[in-house]
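Heads up, the thing below is written out as structure tokens.
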């Protein structure tokens, strides 16, 4: 088997295209009322590419729970992408990971300047919440989305995970449970929220919501393990970014702690959990299974 | 007349004390689920003192529009203080104003480190939104508060104003209208929102909401002009921080552009607008008038 990442499922590229069109529309609506350089930096970061996995999870879970009108779910997908993008901009800052490049392009603070990058990210977080207030769904559902997003993204979720990650780099994490705890917060919380948000918008039953939540949690960890495996095994050419970075930085990963074989077993196990969770969902849950497979295969 | 700031009205200190008790309660509830250093940095910044003008405006407007149960409005007051505190932390960063001290204490990035400060502020913004989802008021009102807060705090409001301010420092603003535009965004939007939020929570009539909004806009600008006058006229001893900083930094202010006399006239004018706006409100609107007077007198 080659390490070359497998082809993404067709619907992922299709969703990404729709997502980017919606992002452009949201930003165009604000062009007249936002300071130009700030607007440029926000747009630059939002439209810097990426597989748009989180938006795809919103849309796929929405459909798997019986949602039909994609335009209801799209603002939530844009909202999550704003939240994710803000976190990438701040993670790339000199005081954090100090990255000059992201997906081959200059990071926001390199393209603009640090102050502009800090503020563009700040405004993207705010925009993530603003967009939820406009969704064509009852106020109860909107406020539930705001609440879940805040918990997933804030001190108890994504931001907390980033702090744990920095503390781990400094103090030397040794156990796989600690690594898991970091990822459940840093990347897992927002991925799980993406799935739950799609379900909630579709008016999912308790059982469906639970299935999407369980799927999201498994896929969130799977995503991270696959990344760790990929970093340890792929060439830089395959990845399109430097491989072996984790080992060079002596970073605690599933692979460094458990070894490659065990990491692959864990990933297989998580895929099973994700696929099982989809059992209770509609036929469209097939897209979710394809996504889980895609995420796993990347790391094989 | 001395330049020494006048005594604040009693209720301001009273509200500040209650606000701080509520902040401590909100943070204590999260102590077990937030990474310790992140929790410390958030608490440190939130409890670093200040007059708590924005929370006082929420509570005073709430009462002036017939609100009775202060505990309904308090989470909104805490939410605004979280939002305001996040903006101060990011403003103080080396890449922005590069301040080592705030109110005589080390700024968050000096007390902790830059990465922690960035993240603590990020989490405080998220918390500001989360708190709004828990208020004991219908979902319609909660989502309206989220919407207005997002617009006041984001690219179209506070963050946009900070960008305008940086552009002005670089490019040399010359007109008082430009200065006003910056302040309406940078500080005015959140102050006006504070007033509107109090009114909305009290179930204000359209007329009352409009009065609070108008009051908030006037008081927001008054606050800034008073600050400019104070910076130009008070001694550092009076201020408790370096005076004359604006002139030393060649910063465009109401005083630098219009002169001291005209700035004082503008401030008087804004006070009149603020007081007139209170006319339509209940007896408790007296607190709002006292606040406007206090803000003005500080700058005389």
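If residue B:41 satisfies all but one of (1) within 14 Å of chain A (Cβ to nearest Cβ); (2) in contact (Cβ under 8 Å) with a residue 40 or more places away in the chain; (3) surrounded by fewer than 22 Cβ atoms within 10 Å (Cβ to Cβ), what's the number of the condition it fails?
Exception for residue B:41: condition (3).
Can you tell me which of (1) within 30 Å of residue B:98 (Cα to Cα); (2) modelled with pLDDT under 80 is the one residue B:295 doesn't meet?
The number of the failed condition is (2).
In segment B:265-289, which residues are over 21 Å from the mean Cα position of the chain (by Cα) and farther than 17 Å from residue B:216 by Cβ?
B:265, B:283
If I filter segment A:94-119 down to residues being surrounded by 18 or more Cβ atoms within 10 Å (Cβ to Cβ) and over 19 Å from the mean Cα position of the chain (by Cα), which single residue comes out as farthest from residue A:163 (Cα to Cα)?
Among them, the one singled out is A:112.
The values are calculated or read from the model by the stated rules, or taken from the named source; none is laboratory data. It should be emphasised that the depicted structure is a prediction, and the values quoted were computed from it without experimental measurement. A quick note on method: Cβ atoms are made from the backbone with ideal geometry, for glycine too, and the neighbour counts reach across all protein chains shown.
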